[in-house]
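A short reminder: the numbers here are calculations on the coordinates, not readings from a lab. Note that this is a predicted model, so its numbers are computed, not measured. Neighbour counts are summed over all protein chains in view; Cβ atoms, including those assigned to glycine, are modelled from backbone coordinates with ideal geometry.
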Amino acid sequence: MNNLIERAEAWYCQTAPTAQNPLIVIDQLFENLGGDQDDLHEQLYRSSLKKFLERIVQAWVKGQIDNGSLYAGSSMYYYCKHCGLLSDTLPEGWFMQGPSRVCKACSDMKEWLKDGIALANHLGLRPPKGPYDDKCPFDVNVVKGQLVKT
Ligand SMILES: [Zn+2]
């Protein structure tokens with residue numbers, strides 16, 4: 001399990017995947033990782049990492065709401081700093097506690113999250129930095145229509 005990230009990196013360098021759809025690249029990567037796939041813990045680990053990568057893709061496709069563009073009194077939307085999906089919604093003027101900037105799915109990954117981030121870096125995937133971030137690492141239109149399930 002510990003060398004999965006290295007194997008993934010090696011696969012990416014050797015294969016230089018040409019698919020334009022990052023979801024296809026992610027599928028190809030996980031099909032070609034080798035190793036012990038019968039181990040339950042390993043299966044959970046892989047599934048957790050794969051879903052993390054898919055969340056980043058999904059975040060770009062879904063986009064983010066610009067709180068500044070909403071009418072007064074609207075709820076405020078906050079996004080996960082790791083995957084870019086919605087992490088919290090708070091009523092405007094809510095000062096009791098700051099919004100969560102890590103979604104439940106990323107938080108549940110615990111120590112696997114750093115491996116997910118490392119893997120995303122190898123694939124050149126990063127989450128949107130905000131509603132006006134237009135530097136998507138892939139063509140969103142290629143992915144639309146094949147939206148990953150939540
Ligand atoms: Zn997240």
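Looking across the stretch 1-30, the residues that are without any contact (Cβ under 8 Å) to a residue 40 or more places away in the chain and β-branched (Val, Ile, Thr) come down to 15, 18, 24. Taking every residue in the stretch 67-83 that is in contact (Cβ under 8 Å) with a residue 40 or more places away in the chain and within 16 Å of the ligand (Cβ to nearest atom) and pairing it with any residue that is among the small types (Gly, Ala, Ser) and assigned to a strand (DSSP E or B), at least 6 positions away or on another chain, the pairs with Cβ-Cβ distances below 7 Å are 79/87; 80/87.
For the stretch 89-123, the set of residues classified as over 13 Å from the mean Cα position of the chain (by Cα) and buried (at least 19 other Cβ atoms within 10 Å of the Cβ) is empty. Every test in (1) more than 15 Å from the ligand (Cβ to nearest atom); (2) without any contact (Cβ under 8 Å) to a residue 40 or more places away in the chain is passed by residue 114 save one, and that test is (1).
Of all residues in the stretch 34-44, exactly one satisfies the criterion of being surrounded by 12 or more Cβ atoms within 10 Å (Cβ to Cβ) and either of a type in the set (S, T, N, Q) or within 19 Å of residue 125 (Cα to Cα) (or both), namely 43. Residue 40 meets all of the listed conditions (1) near the ligand (Cβ under 9 Å from one of its atoms); (2) without any contact (Cβ under 8 Å) to a residue 24 or more places away in the chain; (3) of a type outside the set (Val, Ile, Thr) but one, namely (1). Considering the stretch 56-150, the qualifying helices (runs of 4 or more DSSP H), each wholly inside and each with 1 or more residues that are under 23 Å from residue 4 (Cβ atoms) and aliphatic (A, V, I, L, M), run over 104-109, 113-122. Just one of the listed residues (79, 71) is more than 20 Å from residue 117 (Cβ to Cβ) and aromatic (Phe, Trp, Tyr), namely 71.
Within the stretch 1-46, being closer than 19 Å to residue 106 by Cβ and of a type in the set (Val, Ile, Thr) holds for 5, 26.
Go through the stretch 1-25 and give me each residue that's closer than 25 Å to residue 144 by Cβ, among the hydrophobic types (A, V, I, L, M, F, W, C) and assigned to a helix (DSSP H, G or I). Correct list: 23, 24, 25.
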